[in-house]
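Enquirer: Sharing a structure with you now.
The values are calculated or read from the model by the stated rules, or taken from the named source; none is laboratory data. The model shown is predicted, which means the values in this text are computed figures rather than measured ones. Methodologically, a virtual Cβ is constructed for each residue, glycine included, from the backbone with ideal geometry; neighbour enumeration extends over all protein chains shown.
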Amino acid sequence: MSDDLIRLYDVPLSDKEGILIGRIIALWGALESEVFVQTLATFDAQDVEELPNAMSNLSFVKVLELWKARVADVAEGNRALVLQQQFTRITHLHDSRNALIHGMWTWSRTEPEKISTTRVSKNQVITMHFPAGTLADFHNELGVINFKIRYPGGLEDLARARADEGGFISRRALCMLTDNLAADDCPAVECR
């Protein structure tokens, strides 16, 4: 018998939820990358073997702790306060990140507006619930954290960085200006 139909499993998420989860994953990856790069810049090591084991980048929590000690805690004035606040926010969101990345999505017929993830960690079943709006809040908070760890001095830091770069254009704007098809990839959410 021919099986001409392709059967796909689909997670119980709306398109908006799927887009937000993808963007959260991308923002978290950008966050981990920036924390790693800033921490790496604090070492004089010319040889990778001279770096501490935490910099093997196998555990973001260990790199984050080094970042706090070597970047956030040694910054001066208000910059230190901004960076230390971001450390607290990142550690607070870490469990939610793990639920998004490592959990299996489920939902309940009695509360269809709420989605949940279930995963096993350290011989424990962990379920985390994401009521309506939670993913959008998580996405926005990660965007703010990413901005503040890059520009702890706020708009002045951003302006200085842009001036040093010699200009800036978003990926979406470049794709639109050059008629690149990637500009149409995500019309519901602005791509940057």
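Enquirer: For residues in the range 1-52 being more than 23 Å from the chain's Cα centre (by Cα) and not in a loop (DSSP other than H, G, I, E, B), which is surrounded by the most Cβ atoms within 10 Å (Cβ to Cβ)? Give the derivation first.
Expert: Here is the first cut: in the range 1-52, the ones more than 23 Å from the chain's Cα centre (by Cα) are 1-10, 43-52.
Checking which are not in a loop (DSSP other than H, G, I, E, B) leaves us with 48-50.
Numbers: Val48: 8, Glu49: 6, Glu50: 10.
Result: Glu50.
Enquirer: Could you list all residues from the range 58-77 that are touching a residue at least 24 places away in the same chain (Cβ under 8 Å) and over 24 Å from Gly153 (Cβ atoms)?
Expert: Correct list: Phe60, Val61.
Enquirer: If only one of Arg150, Arg192, Arg160 is at pLDDT below 95, basic (Lys, Arg) and surrounded by 12 or more Cβ atoms within 10 Å (Cβ to Cβ), which one is it?
Expert: Residue meeting the stated conditions: Arg160.
Enquirer: Kindly provide the set of residues from the range 94-122 that are of a type outside the set (A, V, I, L, M, F, W, C) and in a strand (DSSP E or B), ordered by number.
Expert: Matches in the range 94-122: Thr106, Ser108, Glu111, Pro112, Glu113, Lys114, Ser116, Thr117, Thr118, Arg119, Ser121.
Enquirer: Just a yes or no: is a residue in the range 73-88 outside any helix (DSSP H, G or I) and either under 20 Å from Arg119 (Cβ atoms) or under 17 Å from the mean Cα position of the chain (by Cα) (or both)? Break it down stepwise before answering.
Expert: First, pick out the residues of the range 73-88 that are outside any helix (DSSP H, G or I): 73-76.
So of that shortlist, the ones also either under 20 Å from Arg119 (Cβ atoms) or under 17 Å from the mean Cα position of the chain (by Cα) (or both) come out as none.
Checked against the condition, which is being outside any helix (DSSP H, G or I) and either under 20 Å from Arg119 (Cβ atoms) or under 17 Å from the mean Cα position of the chain (by Cα) (or both), the range 73-88 yields no hits at all.
Enquirer: Okay, moving on. Taking the residues in the range 123-145 that are polar (S, T, N, Q) and assigned to a helix (DSSP H, G or I) as candidates, determine which candidate is nearest to Gln86 (Cα to Cα).
Expert: Asn140
Rundown of residues vs (1) more than 17 Å from Gly29 (Cβ to Cβ); (2) surrounded by 16 or more Cβ atoms within 10 Å (Cβ to Cβ); (3) touching a helix residue (DSSP H, G or I) at 6+ places or on another chain (Cβ under 7 Å), yes/no style:
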position: Leu58; (1), (2), (3): no, no, no
position: Gly77; (1), (2), (3): yes, no, no
position: Val82; (1), (2), (3): yes, yes, yes
position: Thr88; (1), (2), (3): yes, no, no
position: His92; (1), (2), (3): yes, no, no
position: Arg97; (1), (2), (3): no, yes, yes
position: Lys122; (1), (2), (3): yes, no, no
position: Pro131; (1), (2), (3): yes, no, no
position: His139; (1), (2), (3): no, yes, yes
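Enquirer: Moving to a separate point now. State all residues of the range 110-131 that are of a type in the set (A, V, I, L, M) and closer than 14 Å to Pro12 by Cα; if no residue qualifies, say none.
Expert: Across the range 110-131, the qualifying residue is only Ile115.
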